[in-house]
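No lab work stands behind these numbers, since they all come straight from the coordinates. Please read all numbers here as calculations on a predicted model, not as lab measurements. Cβ: placed from backbone, ideal geometry, glycine included. Neighbour counts: every protein chain shown.
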Amino acid sequence: MRSKLLYSMIVALCLTLIAGMSWAGETVKISAQQPITGRFAFAGKHIHQGLADSLAYANEQGGIGGQKIEYIYDDTGYDLKRAVAAFKKVMAKESPVMNYGESTGEGKALAPEINNSYKIVYGSTSFSEELADRSKNPYMFVSGPTYAQQFGILLKYIAANPKTKGKKATVAFFYSDTEFGRDPIPYAREMAKKLGVEVVAEEITKVGAVDISSQILDLKRHNPDYCIFQGYVVPPIPAVIQGARDFGLKTTFMGTFWAMTKMLLGKLGPDGDGYMGVTPYAYWQQSDVPMIKAIQEYGKKHHPDVTYRPQSYMQGWFTGMVFVKLAKMCKEKGLPITGPNLKDMIPQVKDWDTGNFAGKISFKDSNATGVGKVYVAKGGDFVPASDWIYLH
Amino acid sequence: MRIGDFKESYATDEAVFTTSTSRFWLGVLFLILALFPFMVGDYLLYMANITGIAIVAALGLNILTGAAGQISLGHAAFVGIGAYTSAILSNRFGMPFLICLPLAGLASAFFGVLVGAPSMRMKGLYLCITTLAAQVIFEFFFVHWESLTGGIRGLNIAPAKIFGLNIGTEFGFYWVTLTVVIIAATVSRNIFRTRVGRAFIAIRDRDISAELMGINLFRYKLYAFAVSSFLAGIAGCLWVNHLKSITPEHFPLHESIRFLAMIIVGGLGNILGAIYGAIFMTLIPEILQAILKFFEEIFPQAMSFLFPLQTVVFGFLIVVFLVFEPHGLAEMWVRVKSYFRLWPFKH
């Protein structure tokens, strides 16, 4: 009698284990450490929502060949220690195959362990050059062009559109004294030389600087055709543009991804018209883009009170698209969806048409897309000023 | 119940742990600490490691601020100096971890003495501002001395080894952290029993009367700076070998303030206080997060309001502790212990 009970218990245990295993095999786990609170929350909560919605949308469309995606996230408060802790926790508990990190810092801190022991695909909010270096970090990718590539795209645009025909265009770089600000500058200098654009000034400030009069005076002295901001989200951009206008400068001001928000245009007010910049994703109001249409419809269905989604949301959404794409490629090739297999798919993404949402995506020489579009502000909204500009 | 505490010899008089009960519980603690890594996963080991590193740094600041009464707002910069020294020594000269560790401490101690030098003429808020200046200046060097520090991108280092054993994993590193914490706590505890430690306390309590007693204020203040930054440097070396990368953004001013908060919440001038404070400040955000995650399953919609509340709750907890127990967590522990000493007899 006792042995019968023991047998049935063992059988029951085995059955539960098998059921658990097959259930675990059904979902593709994607984790994220998101700065939902803290000083990066203004973007973090949208990136989180974008990624969550993108994966839920993919599930509605049938998942990865019938396999559902599970999204697991943690809040980090934009604190490196908490982000690393959250990553280790989720790896121990859920062992996801893809992960989305909160910052350049987290990516750098985890890079050795991801390459050597965890071996999972890693995307992040960062557009840093270092994380897109395939030879060093084959598991990491950047969901768009790196900051350097964004500068490359803007400089290409500038070279093609000089203010006075037949004369070299001149440009100034205006950046903050942080990793975020300095990251693309060496590459930008080189690129400008190659394209025949003259860099006439470089202004460096502290992040969120208040007194920028000496920098504006310097800009006045050099009077560049274009001035590109890097490393700021809002301040001191409005003050610089206002100051330049007060001095009668005709300079066109430009920004990269984080300085291409409606929030900034709101702060700029009437000075905003003519402000330009590069961004890798289409804007919410471009409803002629099929993916934007899908996002709006998804929003209507699940978040009926939402009337606008910023670019950080699009970044999350696009990262979700990349995750799903990689998993689908694995599935099509008949490979199991594991970190190393997913990593091998990254260089194989070639001319992937995102339906005008982010251009045609290829991860060619580096794990960054190298494509973006230049937009110009008109009446409080951004409208396209160029077609997709490809760097490679 | 504790009885038989007669102190019949000099040895028993000088002992730190005077009764067999406390020695027994200390043994239990060590046993748990030794078994801990075999029972838990990478996540808890990671938490243990960063807590350990925070403890070493907090013990350092506790000597300077808690014992000698010199407020420092530059402690994170000294941790940074240790971290950079260790990274540079191991990257450029291939020095092993065990040599980097004391050298990182010494480098930090050297700069600590330099920063402490103005304490000859200044005290209180003025000295506080000097250390703030040190924080800003060292941060500036971390960012701009690119050939040495790797600038804003920082440095990456290879996983460390001790006698060929890899300590690059959380498990391996746990033993290093644990050993260093035990040594640091023992050294700190014993410093307070020496002439130097008593001089620190005399300076803190009333510097003029300390000087009248024949204590050379300047020399002892410099000692305090040196010992404190030595421990900070050790913590920095652990930090960089644990994370395997550093950037200047790892050592901002608010990190210095966090160290101050640790020793204040734990109990100023108290070894156990520094330890409790470091544990509290490192673990509470994680615990709050776990509680919120639990509630998320019940109220998924409320999360957008609850997440930002974490910071508020954290701040509120600190205020509550300070109002109801200004002597910190260490004092609360003493009260709990003394309640149970006679338990279940009330008097």
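Some observations on this one:
- Projecting the Cα atoms of A:L80, A:S213, B:T19 onto the dipole axis of the protein assembly as shown, where Lys and Arg carry +1 and Asp and Glu carry -1 at the beta carbon, places B:T19 farthest toward the positive end.
- Sites count as exposed loop sites when they are chymotrypsin sites (Phe, Trp or Tyr not before Pro), lie in a DSSP loop, and have at most 13 other Cβ atoms within 10 angstrom; the longest stretch of chain B without one is B:164-344.
- Comparing the protein assembly as shown with the 2.2 N^0.38 Å rule of thumb, its C-alpha radius of gyration ratio is 1.07 (two decimals).
- The angle between the Cα long axis of helix A:290-302 and the main principal axis of chain A comes to about 60°, on a 0 to 90 degree scale.
- Residue order, fewest to most beta carbons within 10 Å, for B:M332, B:M39, A:M91: B:M39, B:M332, A:M91
- Projecting the alpha carbon convex hull of the range B:204-271 along each direction and taking the average yields 6.1 nm².
- Relative to the Cα centre, the charge distribution of the protein assembly as shown, modelled as +1 at Lys and Arg Cβ and -1 at Asp and Glu Cβ, gives a dipole magnitude of about 620 debye.
- Value of [θ]222 nm, deg cm²/dmol, for chain A, DSSP H segments ≥ 4, -39500 (n - 2.57) each, nearest 500: -13500 deg cm²/dmol
- For the residues A:G63, A:G107, A:G299, a GNM of chain A with alpha-carbon springs under 10 Å puts the largest fluctuation on A:G299.
- Length-normalised contact order for chain B - Cα pairs under 8 Å, 6+ apart - percent: 29
- The chymotrypsin sites (Phe, Trp or Tyr not before Pro) found in the range A:253-331 that occupy coil by DSSP, while having at most 14 further C-beta atoms within 10 Å, are A:Y308.
- Electrostatic dipole magnitude of chain B [Cβ: Lys, Arg +1; Asp, Glu -1; Cα centre; debye, to 20]: 780
- Sorting B:M262, A:M345 by the number of Cβ atoms found within 10 Å of their own Cβ, with the fewest placed first, yields A:M345, B:M262.
- Cα coordinate range in the range B:36-341, projected on the principal axes (Å, largest first): 65, 53, 37
- Cross-link pairs beyond the 28 Å C-alpha cut-off, checked among A:K108/A:K343; B:K7/B:K123; B:K7/B:K337; A:K93/A:K331; A:K194/A:K350: B:K7/B:K123
- Using only Cα coordinates, the Kirkwood hydrodynamic radius of chain A works out to 22.2 Å.
- Candidates A:G316, A:G38, A:G277: whichever shows maximal mean-square fluctuation once chain A is modelled as a Gaussian network with Cα springs under 10 Å: A:G38
- Euclidean distance of C-alpha centroids, the range B:54-86 and the range A:245-320, integer Å: 45
- Rg(Cα) / (2.2 N^0.38 Å) computed for the range B:33-129, rounded to two decimals: 1.32
- Within the listed set B:T12, B:T179, B:T149, the residue fluctuating most in the Gaussian network model of chain B (springs between alpha-carbon atoms under 10 angstrom) is B:T12.
- Geometric extent, Cα atoms of the range A:278-392 - Rg, Dmax (angstrom): 15.6, 50
- Charge dipole (Cα centre; +1 on Lys/Arg Cβ, -1 on Asp/Glu Cβ; no other charges) of the range A:23-156 amounts to roughly 240 debye.
- Placing unit charges on each Cβ (+1 for Lys and Arg, -1 for Asp and Glu) gives chain B a dipole about its Cα centre, and among B:L125, B:A261, B:F138 the Cα reaching farthest toward its positive end belongs to B:L125.
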